[in-house]
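See below for the structure under consideration.
What follows is calculated from the coordinates using simple rules that are stated; it is not laboratory data. No experiment lies behind these values; they were computed from the predicted model shown. Glycine also receives a Cβ, built like all others from the backbone with ideal geometry; neighbour counts cover every protein chain displayed.
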Amino acid sequence: MDYFWDLFFSGLTRGSIYALIALGYTMVYGIIELINFAHGEIYMLGAFTGLIVAGICSVLGLSLISTLVLAIVIAMIYASAYGVTVERIAYRPLRNAPRLSPLISAIGMSIFLQNYVLLAQTSKFVPFPNLIPDFAFMQPFEDFIGPSELVIIVVTAVAMTVLTLFIKYTKIGKAMRATAQNRKMALLCGVNVDHVISMTFIIGSALAALGGVLIGSYMGQINFFIGFIAGIKAFTAAVLGGIGSIPGAVLGGLILGWTESFATGYVSSDYQDVFAFCLLVLILIFRPAGILGRTNTKKV
Amino acid sequence: MKGFIRSLQVALWFMFLTFPIMVIKVDIVEKTVQWRWMNLVYVGIGSFVLSFVWRFLMEKKNKGIKAREESRDEKLSFIQKILTEPRYNRPLFLGLLLFVLVFPWMFSTYQTNIMISALLYVVLGLGLNIVVGLAGLLDLGYVAFYAVGAYAYALLNYHFHLGFWTVLPIGGLLAAIFGILLGIPVLRLRGDYLAIVTLGFGEIIRLVLENWDEFSFGPSGISNIPRPGFFGLHLTVEQATIYIYYLVVIMSLITIFVVNRLQNSRLGRAWLALREDEIACEAMGIDRMKTKLAAFALGATWAGFAGVIFAAKTTFINPASFTFMESAIILSIVVLGGMGSIPGVILAAFLMILLPEYLRAFSQYRMLLFGASMVLVMVFRPQGLIPNVRRKYLYGQKQGVR
Amino acid sequence: MLPILEVKDLCMDFGGLRALDHINLEVFSDQIVALIGPNGAGKTTFFNCVTGIYEPTHGDILVLSRDDGQRKRINGLKPNKITELGLARTFQNIRLFPNMTVLENVMIGRHTRTRSWIFGALFRDKKTVQEEQETVEVSYNILKKLQLEKYVNEIASNLPYGAQRRLEIARALAAEPSLLLLDEPAAGMNPKETKQLEELILQIKEQERVSILLIEHDMKLVMNISEMVYVVEYGRLLAKGSPREIKEDERVIKAYLGEDHDA
Ligand SMILES: Nc1ncnc2c1ncn2[C@@H]1O[C@H](COP(=O)(O)OP(=O)(O)O)[C@@H](O)[C@H]1O
Ligand SMILES: [Mg+2]
């Protein structure tokens, strides 16, 4: 039974990270109907920024907790800046182009960012310090949930709650929902659509960076390529839950996390990524609208 | 002046943006921090200059759009004129063909090998062009069919000692079958979902090849794959290279011929129409599934052929040759060249493969430039290097359709 | 004689919204039938159900097959199958293939009338070459009929608006349908162009021996050319009859003609 709980919590942890990244996909897709291929790279950039901050902090001898907070905050700021810049360069000029154009541009951006980090930093895996302290009260549960896992799960839950409240109650949140429903209409009603799109990229990127720093600390190493697989899996999560839906992204992330964790635990660890991809292919074929998504007939 | 200030702002923004990644490098284990301040200067100067270029191109693009709206005649570019005018294109094609034919006798085996790669990418690019360029189906897992071809040859040869010429059609056929099997469930999906599913499929194939040791020998791959036989003669490596070179040349010519015929046919028109408007297409009586499947299967067939040749050329294959990057490279050949444009795809294939080879100094920047050029082409020249020209039908007096 | 198109008790729901509510309609051969009603009444939805773009929630759509004269229930058939049976349509918001030439657009319309496939494309056997020639010829002649021949090799999206509307009709005609469905063909046209369109529709009906089901807001056009008019409102059939009967129908005047309807 312990083994089960072990898998359960590691699945929950993974799932939380997927959910954090998936939110970026889902929100961007909800608003501009684009699969932001470069989103995984934003997550990777967040992780690297976090690593750099942590490195400086450790040289300066700051405490673990302040290092963690600084790393997360700065990584989130930088990732948002990258997100907004990517949107301005690669997507905004293509807003009225055929559908495939921004998607190809996004793939190009993703390749570019990977190689940017590869060249500016390194092509190898680099160690990432553990930024999460060992809590004393965790001792009795240590067998199946570590402090990192707990922190990741709690932080994700808090981030989701804040985001949901933000979208529900703030003015910009309402504007985002309006734009997602009907961009032209929102524009006519005086919503600054450019602003809303930028905001979407800022929020999505910040959450991805949060995920990036946490996963770096959890896994203990990162490289320039981590965004690719994580990005696809997070996208899977978004589709699984129903793309465009925020609770869907969380649900999808968790389901994917558990699927992977249990499948590798009970079936075979060689095929960890294959499970995720199979799940993706199966959902898209059998329920492209996702669990919480709605199927609607296209108006002709 | 306004432009100057704007560029200054851009430069400052990028200096801020790239500061951590470009300037700082930390080592957690040694607890050292390395500061590379010069990079900040490069970024500043670079983005300052590039922002001028960006704005210039943007203005030009906007002007171009306006000009096109005003005059209804499309203007053919210089290259297109040369390519469409028989007076110019005949000697050009003949010259090129001649060059291609004598190439292996004038250059080293090494050069010939590079040329073989470039031509293989021509075949792959044109094959994917059927799927993406003509039918408008974004396939991000094209490399899977390439892998099917390569492994078909390697495994059939390993287990049953089948020769190259036997496997070549089998490889194409197997890839086509894979294409149809994948296509039936996924081709119903909307464009971008299709892209992701095909990407997933490509990765599944690669991961299976990597992990299923009993079947595919895992990451270490299969070596000692024989080169194609030549009437039972034993060829030296140099001779074999030249032989494969001509084989690939012929393969490329056949591909060009086939794609050209396809795009000027009832089926080809249906693909183009499908790319433009699926609903109108169905309303005009085109069977969406059947037409898409034809594109998918034909595209896959060509990847299968190319895979068999690739295995025979390198004599060694492993899953690392069939990553998503490979799909991305082939895709960017199609996009860069101009979707649906045969000369465009050929030119792009050569540029993509030969430039990094001959600009060794830049080769580490290859993928960086790749990514950047995909973005820039989409933004500034979405129709590609040599845009596809629609066929003009000419009329004689009565019914003389030429 | 059986009608070419017979619709019985057709209903279409979108979630909770009932866009079509028990509609009955018939079109006989050599007839021009008009479907009118305020915006949002469900006219386009009706076309979409009949041409297979939507699957109706309830009811029967029966079509006389162009080729064998058999009557078929077409609910749930794919649009391309329905086109093969002899129905062809135009769209309210023009849906040409914008980056293909005018001629190619019409050639696409010939798809149901031609057969060649991969083999024909690769080997260009005699049959394919012949078929291809015929396609070009027939398409060109249709363009001539619709006074579009001067645009043959133009990219479709470069055409003026009125010409694009006519090109949609040309493309549909290329399928040699027995019933042509026109969704607001005069939308956006000035009175002169509308008058020309009127003549064109009559001419097409005569020459091609095709029945026409027409959605249109221009009352003059509708009253001049149709033999039978159906009026829908909120997805329900409000009235049916000859143009004269409709003009005098109290309910129609109140519900539809009374209000501004120039949209
Ligand atoms: N795909 C769809 N999903 C939801 N509602 C739809 C859809 N298509 C049409 N409708 C609704 O059905 C009603 C009828 O629309 P339509 O047939 O376009 O009207 P008309 O062509 O008579 O102006 C409208 O209320 C419209 O909003
Ligand atoms: Mg309508």
Quiz item: Between exposed chymotrypsin sites (Phe, Trp or Tyr not before Pro) in chain B, where DSSP calls loop and at most 15 other Cβ atoms lie within 10 Å, what's the longest gap?
Solution: B:1-106
Quiz item: Which whole-percent values make up P(r) of the stretch A:109-246 when all C-alpha to C-alpha distances are grouped in 10 Å steps starting at zero?
Solution: 10, 29, 31, 22, 7, 1
Quiz item: Tilt of helix A:147-169 relative to the longest C-alpha principal axis of chain A, in degrees (0 to 90, nearest 10)?
Solution: 20
Exercise. List, in the order given, every pair from C:K195/C:K240; A:K233/B:K25; B:K392/C:K192; B:K61/B:K392; C:K43/C:K220 whose Cα-Cα distance in the structure shown is over 21 Å.
Key: C:K195/C:K240; A:K233/B:K25; B:K392/C:K192; B:K61/B:K392
Practice problem: Can you figure out the FRET efficiency of B:L253 with B:Q9, using R₀ = 60 Å and their beta-carbon distance, to the nearest 0.05? | Solution: 0.70
Quiz item: When only alpha-carbon atoms count, how far does chain C stretch along each of its three principal axes, as whole angstroms with the largest first?
Solution: 63, 40, 37
Quiz prompt | Inter-chain Cβ neighbour average for residues A:119-126, partner chain, 10 Å | solution = 4
Quiz item: By the scheme Lys and Arg +1, Asp and Glu -1, what is the net charge of all other residues having a beta-carbon under 15 Å from that of B:N157?
Solution: +2
Quiz item: Say a site is exposed when it is one of the trypsin sites (Lys or Arg not before Pro), sits in a DSSP loop, and has at most 13 other Cβ atoms within 10 Å; what is then the longest site-free stretch of chain C?
Solution: C:1-114
Quiz item: Which net charge results for the neighbourhood of A:Y266, defined as the other residues with beta-carbon distances under 13 angstrom from its beta-carbon, given Lys and Arg at +1 and Asp and Glu at -1?
Solution: -2
Quiz item: Looking only at other chains, what is the average number of their beta-carbon atoms within 10 angstrom of each beta-carbon in A:276-282?
Solution: 6
Practice problem: Once you have the Cα-Cα distance between B:F362 and B:T315, take 0.36 nm times their residue separation minus that, and quote the gain in nm to one decimal. | Solution: 14.1 nm
Exercise. Would you mind giving the mean number of other chain beta-carbons within 10 Å of the Cβ of each residue in C:114-122, as a whole number?
Key: 5
Quiz item: Please identify the chymotrypsin sites (Phe, Trp or Tyr not before Pro) of the stretch C:161-263 that satisfy two criteria: DSSP loop assignment and at most 15 other Cβ atoms within 10 Å. Which are they?
Solution: C:Y234
Quiz prompt | More than 55 Å apart - percent of Cα-Cα pairs taken over the protein assembly as shown | solution = 20
Exercise. Would you calculate the separation in nanometres between label points at B:M1 and B:F99, each defined as 7 Å from the Cα along the Cα-to-beta-carbon direction?
Key: 5.0
Exercise. Work out, step by step, the length gained on full extension between C:K127 and C:L2: first 0.36 nm times the residue separation, then minus their alpha carbon distance; give nm to one decimal.
Key: 41.4 nm
Quiz item: Taking the Cα atoms only, what angle lies between the long axis of helix C:161-173 and the longest principal axis of chain C, rounded to 10 degrees?
Solution: 80
Quiz item: Hey, what does the equivalent ellipsoid look like for chain B, semi-axes from the Cα gyration tensor as sqrt of 5 times each eigenvalue, largest first, whole Å?
Solution: 36, 32, 23
Practice problem: Would you compute, from DSSP H runs of 4+ residues alone, the mean residue ellipticity of chain A at 222 nm, taking -39500 (n - 2.57) per run and dividing by the full residue count, rounded to the nearest 500? | Solution: -24500 deg cm²/dmol
Exercise. Name the residue, out of A:V28, A:V86, A:V154, whose mean-square fluctuation peaks in a Gaussian network model built on chain A with Cα pairs under 10 Å.
Key: A:V154
Quiz prompt | Computed lengthening from B:V33 to B:K61, 0.36 nm per intervening residue step minus Cα-Cα distance | solution = 5.7 nm
Quiz prompt | Kirkwood Rh, Cα atoms: Rg over Rh of chain A | solution = 0.97
Quiz item: Can you tell me the Rg and Dmax of the stretch B:2-58, counting just the alpha carbons, in angstroms?
Solution: 14.3, 48
Quiz item: What net charge do the residues around A:Q121 carry, taking every other residue with its C-beta under 12 Å from that of A:Q121, with Lys and Arg at +1 and Asp and Glu at -1?
Solution: +2
Quiz item: Helix A:64-86 versus the longest principal axis of chain A: what is the Cα-based angle in degrees, 0 to 90, to the nearest 10?
Solution: 20
Quiz item: By the gyration tensor of its Cα atoms, with a ≥ b ≥ c the square roots of the eigenvalues, what is the shape of the stretch C:50-91: rounded for a/c under 1.5, prolate for a/b over b/c, or oblate?
Solution: oblate
Exercise. Using only C-alpha positions, report the orientation-averaged shadow area of the convex hull of the stretch C:99-174, nm², one decimal.
Key: 4.9
